[in-house]
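The values are calculated or read from the model by the stated rules, or taken from the named source; none is laboratory data. Note that the structure is predicted; figures quoted are calculated from it, not measured. FYI the Cβ positions are ideal-geometry reconstructions off the backbone, even for glycines, and counts take in every protein chain you see. Surface areas here come from the heavy atoms of the whole protein model, side chains and all, with no ligands, DNA or RNA. Shrake-Rupley method; radii C 1.70, N 1.55, O 1.52, S 1.80 Å.
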Amino acid sequence: MFLRVRSGTGAGALAALGFGLALVAGASTVRVAGAPQGAPATHSPATAQAAVQATLTEYCVACHNQRQATADLAIDTLKLEDVSANKEAWEKVVRKLRLGMMPPLGARRPDPATYQRTIATLETQLDAAVAGQARPGRRMLHRLNRAEYANAVRDLLGLDIDVASLLPPDDAAFGFDNVADAQGSSPALLQAYLTAARRISALAAGDTRGPDAVTYTVRQDLSQDHHLEGLPLGTVGGSVFEHVFPADGEYEFQVRLYRTNLSAIRGLEDPHQIELTIDGERKLFTRIGGPEDLVPLQKNPTDTGDKLEATRLRVRVPIKSGRHAVAAAFLEEVPPLLETNRLQRFIRDFSNPYDAEGAPHVQSITIQGPFEQAHASNPPSSRLFVCRPATAADERPCATRILSTVARRAYRRPLTADEKAGLLAFYQQGRATGSFEKGIGFALRRVLASPAFVFRGEGEPAQPAPSRAFYVNDFELASRLSFFLWSSIPDDELLKLAEGGRLRRPDVLVRQVRRMLADPRGEALVSNFAGQWLHLRNLRGIVPNSELFPDFDDNLRQAFRREAELFFGSVIRENRSVLDLLTGDYTFVNERLARHYKIPGVFGSHFRRVQLTDDARRGLLGKGAILMVTSHANTTSPVLRGKWVLENVLGSPPPVPPPDVPALAEDESKRAPRTMRQQMEQHRLNPGCAGCHRLMDPIGFALENFDAVGAWRARNEGGVPIDTADQLANGDKVDGVRGLRDALMRRSDVFVQTLTEKLLIYGLGRGLSPDDMPLVRQVVRTAKPDGYRFSALVLGIVNSAQFQMKSPSAAPEGTQAGADSAATLLAGSAAR
C-alpha cells in the first residue's frame with residue numbers, strides 16, 4: 001500500500017544543486033533522479049542541522065509536541081540527524097513550510113531567508129536519504145479501465161465502441177481511475193469483459209445474429225434553434241452520431257422529437273423541414289408542423305405524435321457495413337422580417353416543459369438492423385483482415401497471419417508457440433460452423449478475453465534479489481509509455497523498437513516521447529489525465545438551477561469542457577510552459593461561449609483561438625468549466641473553489657471535514673440577504689471548522705466575481721457589491737482573481753511540483769510514497785531551465801527509475817491476490 005505524501009520544492013541553495021547518481025541494478029545502470037551529489041558549501045551539514053533545529057524549536061515545537069500533537073505531528077520527537085526514520089512526517093513539514101502555511105497567521109513567523117534555509121536543508125537531507133538506492137516501488141497488476149479498453153480496441157481494430165454500455169464505471173484512487181490499487185475485480189465485472197469480447201469480436205468480423213437496435217439520445221437542455229457543430233451547414237438543431245454497421249443489409253432509422261409534459265410534440269405551430277442523412281447523403285426528407293398537424297395534435301397529442309413519428313420520421317434503407325455518420329437536423333428557415341415577440345428571449349430555447357411553442361427538438365435516433373442481412377462487403381474492422389484467402393488452401397496461412405498480427409499487438413509482445421496454436425484451434429472451431437470470417441471472429445474473441453490483453457502483467461527475473469530493483473523489459477516499457485501518454489496499447493513502431501532492444505536508448509526514448517505527445521492519440525492526456533485532474537468529467541452531471549440561470553443549456557456545458565480541453569491540449573501540442581495553465585492570455589471559444597464571456601466578434605458553432613483582452617479570464621482560474629464544477633446548483637461555493645485550488649494547484653488538500661459540520665444558516669430575517677462572506681464568517685465561529693476554512697475561504701472569495709456558471713458579476717444575487725479582498729494563509733493579501741493568480745505565480749514552482757506529482761501518479765498507476773518525492777523535486781528543478789515545458793516534465797518521469805524499473809513483488813495479498821485470481825478466472829472463462 002503506497003501513501004500519498006506531498007512535499008515542497010527546493011529553492012535558494014537547492015536550485016544550485018546537481019542531481020543524478022549512477023546506480024547498479026543487476027548488470028544495468030540507471031540515472032536516478034532526486035539523489036543529491038552534495039550540499040551547498042557555505043555551511044557544514046552539522047551547522048545546517050543545528051540552524052534548522054533552532055528554527056523548529058523557536059517557531060513550531062510549541063504546538064507540535066508530544067503533549068499537544070497538533071495535526072498529529074510531534075516535531076520534538078523527530079530526529080534531524082536521521083530523517084529517513086520519519087520521511088513521511090518530514091515531507092509534511094516541508095510542504096507546509098514551502099506554502100508558508102505554518103506557523104499560522106497571527107503567530108510569530110520566521111523571515112523569508114530562514115524559511116528558505118530550513119526548506120533547503122530538510123529537502124537536501126530527504127533527497128540524500130534515498131541517494132544510491134533505486135526504489136521504484138512495486139507494480140500491482142493493472143487492469144485496463146474503461147477508457148483504456150476503448151482506446152485499445154480502437155487502435156487494435158479501428159472500432160470506436162460505446163464502452164459505457166459494456167463495462168461498469170471504474171473506481172478511482174489518488175484522483176485517477178487507472179490506479180491499480182483501486183481496481184477491484186468481481187464475477188460480474190469479469191462477465192462484462194467476456195460479454196464485451198463477444199460483442200466486439202462479432203462486430204469486427206461482420207458476424208451478426210439478427211436485427212439489433214441502438215438508440216442515440218440528445219440531452220433535453222440542448223438548445224436546437226441554431227446551427228450545431230458537426231451538422232451540415234444550412235441546418236439548425238438535431239444531432240450527429242458515428243455508428244458502426246456490422247454487415248450489409250437494410251437498416252431502419254426512427255427519429256423521435258421532444259414533447260411537452262402533456263406528450264405534445266413541441267414546435268409544430270409552424271411548418272418545418274427535417275432530414276436524415278448518412279455520411280451527408282440524404283435518406284429521409286419530410287415536412288412536419290403547420291395547421292394540418294397542429295389541430296389534431298391539440299385534440300389528441302399522444303396518438304397524433306406517435307403516428308407522425310411512425311409515418312414521416314421512419315425510413316428503411318440499405319447500408320453497407322462499416323462506420324457511418326448518421327445525422328438528423330432541421331433545414332434552416334428564413335427568419336420573418338418582423339419579430340412579433342416583444343420580450344427578449346432566453347438563450348436556452350427549451351426551459352419550460354409546458355411550452356409547446358418554439359423550435360422542434362430531436363430527442364433520439366434509433367437504428368435497428370440489419371434486416372435481410374448479407375455478408376459484410378467490407379467488415380467494420382479496418383485493421384483486422386490484413387489478408388484475404390483466394391482459395392480454401394489459403395485460409396489457414398491467412399488466418400495464421402491475421403491472428404498472429406492482432407494478438408501480438410493486443411498482448412503487447414511476441415506470441416509463444418502455444419499461444420499461436422491455441423488461437424488457430426479457436427479459429428478452426430469457429431470455421432467448422434461457419435465462414436472464414438466467423439472463424440476469425442471466434443479466435444478474436446479469445447484474444448480480447450485473454451488476461452494478456454485485459455491485464456497489464458510484468459515479469460520478474462527467475463531469482464530476483466529480495467531488495468534489488470530491476471529493469472522491466474523493453475516490451476513492458478513500451479506498454480508503460482503507451483498507457484501513460486495514449487491510454488492505449490503500443491503501436492508497431494514502439495513494438496519494433498522493443499523487439500530490437502533499442503527502446504531504452506536515451507536518444508530513442510526522447511524521440512519516442514516527443515512523437516507520442518505530438519500524435520493525435522496524445523489527446524488521451526487531455527481527456528483522461530486533465531479530465532480527472534481538473535474534474536472536467538464532472539461537468540456532465542452538473543445541472544444549474546434553471547430559475548436562477550435560465551440561459552444555461554447543454555450547448556454551454558459542452559463549450560465549457562471543449563474550451564478547457566483545447567486550452568490544456570495547446571500546452572501539450574505546442575510544448576508550452578505549464579505555467580501557461582495559470583497565466584495563458586488566450587483561449588478557445590465558439591459563438592455560444594463568446595457570448596457568455598462577452599467576447600465580441602465571434603460567430604458560428606466552430607471553436608477558434610482568441611486572444612484575451614480581459615485578464616480575469618486568463619488561465620484555468622478564468623475558465624467556465626473550473627468555475628462551474630466548483631459551485632453548487634444555485635450559488636457559488638468559496639469552500640469548493642478554495643479546496644480545488646489547494647488540492648490541484650498547491651498540492652495541499654485540506655483535511656476531510658468532520659461528520660458533524662453544520663450547514664450554512666438560512667437568513668430568516670426580512671432584511672436584505674446576507675453575503676456569502678457573512679455566511680462563511682458565521683460558519684467559522686465553530687472552532688472545529690475555523691482551521692480549514694481559514695485556508696480555503698480566502699481563495700474562494702477571490703473568485704466570487706464569477707457566478708455559479710462562470711459569468712462575470714459585480715454584485716451577488718441580492719444586489720450587494722462583492723468583496724473579494726482577503727489574506728491567504730501564507731500572509732499574501734489578494735483582491736480578486738488577478739490578485740490570486742499573482743500570488744500563485746509567486747510560488748510557481750509549487751504549482752509545477754503539484755502537476756508533476758499528478759502526472760507521476762497517473763503515469764505510474766499508483767500513489768506516491770516519501771521515496772518518490774526526491775524524484776518529483778528533481779523533475780521540477782531539471783525542467784526549470786527549459787521554462788517548465790510540458791515535455792520536460794514528461795521526460796523527467798519517463799527517464800526515472802520509478803518508470804523504468806520495479807522492485808521484486810512480495811507474496812501476493814489483498815488487492816494483488818484478487819487481481820491475480822481474476823486474471824486466472826478470466827483465462828479459464830475465455831478458454832471455454
inquiry  = Tell me the carbon and sulfur percent of the accessible area for the stretch 264-335, rounded to whole percent, probe radius 1.4 Å.
reply    = 52 percent
task = Quick one: which residues, 5+ away or cross-chain, put their amide H under 5 Å from the amide H of H142? H built at 1.01 Å from N.
result = R456
ask   = Using a simple spin-label model with points 7 Å from Cα along the Cα→Cβ vector, what separation in nm is obtained for D614 and A54?
value = 5.3 nm
request  = Could you calculate the contour length gain from N300 to T366, that is, 0.36 nm times the residue separation minus the distance between their Cα atoms, to one decimal place in nm?
outcome  = 21.3 nm
note = In this structure, the FRET efficiency calculated for A725 and T47 from their beta-carbon separation, with R0 = 41 Å, to the nearest 0.05, is 0.45
Cross-link reach list, lysines versus K623, counting only Cα pairs under 18 Å and skipping chain neighbours closer than eight places = K598, K643
ask   = Label S605 and R573 with points 7 Å out from Cα along Cα→Cβ: what is the distance between them in nm?
value = 2.0 nm
inquiry  = Please report the accessible area of T215 (heavy atoms, 1.4 Å probe, ligands and nucleic acids excluded) in Å², nearest 10.
reply    = 80 Å²
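If you keep only loop residues by DSSP, which trypsin sites (Lys or Arg not before Pro) in the stretch 67-114 have at most 15 other Cβ atoms within 10 Å of their Cβ? Before the final figure, lay out each step's value.
Details: sites: R67, K79, K87, K92, R95, K96, R98, R108; in loops: R67, K79, R108.
Sites meeting the loop and neighbour criteria: R67, K79, R108.
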task = Using only protein heavy atoms and a 1.4 Å probe, report how much of Y411 is accessible, in Å² to the nearest 10.
result = 20 Å²
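Given the Cα-Cα distance of N545 and R312 and 0.36 nm per residue of separation, how much length would full extension add, in nm? Display every interim value, and only then the final one.
On the way: separation 233, 0.36 × 233 = 83.88 nm, distance 3.60 nm.
Between N545 and R312, full extension yields an extra 80.3 nm.
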inquiry  = Given points 7 Å out from each Cα along the Cα-Cβ axis, report the A107 to N378 separation in nanometres with one decimal.
reply    = 7.0 nm
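Multiply the residue separation of E332 and E357 by 0.36 nm, subtract the distance between their alpha-carbon atoms, and state the gained length in nm to one decimal. The partial results should precede the final answer.
Details: separation 25, 0.36 × 25 = 9.00 nm, distance 1.71 nm.
Contour length minus the Cα-Cα distance gives 7.3 nm.
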inquiry  = So, taking all protein chains as they sit and a 1.4 Å probe, how much accessible area belongs to D418, in Å² rounded to tens?
reply    = 130 Å²
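Just to verify a number: FRET efficiency for A633 and E81, C-beta to C-beta distance, R0 = 35 Å, to 0.05? Don't skip to the answer; put the middle values down first.
Working: r = 54 Å, r/R0 = 1.55.
E(calc), rounded to 0.05, equals 0.05.
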query = What are the lysines whose alpha-carbon lies under 23 Å from the alpha-carbon of K320, with same-chain residues fewer than 8 places away excluded?
reply = K283, K438
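DSSP loop (so not H, G, I, E, B), at most 13 other Cβ within 10 Å: list which GluC sites (Glu not before Pro) in the stretch 564-643 pass both filters.
Details: sites: E565, E574, E591; in loops: E574.
Sites meeting the loop and neighbour criteria: E574.
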remark   = A correct Stokes-Einstein calculation for the stretch 175-261, using the alpha-carbon Kirkwood radius, 20 °C and 1.002 mPa s, returns a whole-number D in µm² s⁻¹ of 123 µm²/s
task = Taking a cut-off of 20 Å between Cα atoms, list the aspartates and glutamates near K299, but don't count ones fewer than 8 places away on the same chain.
result = E269, D270, E309, D355, E357
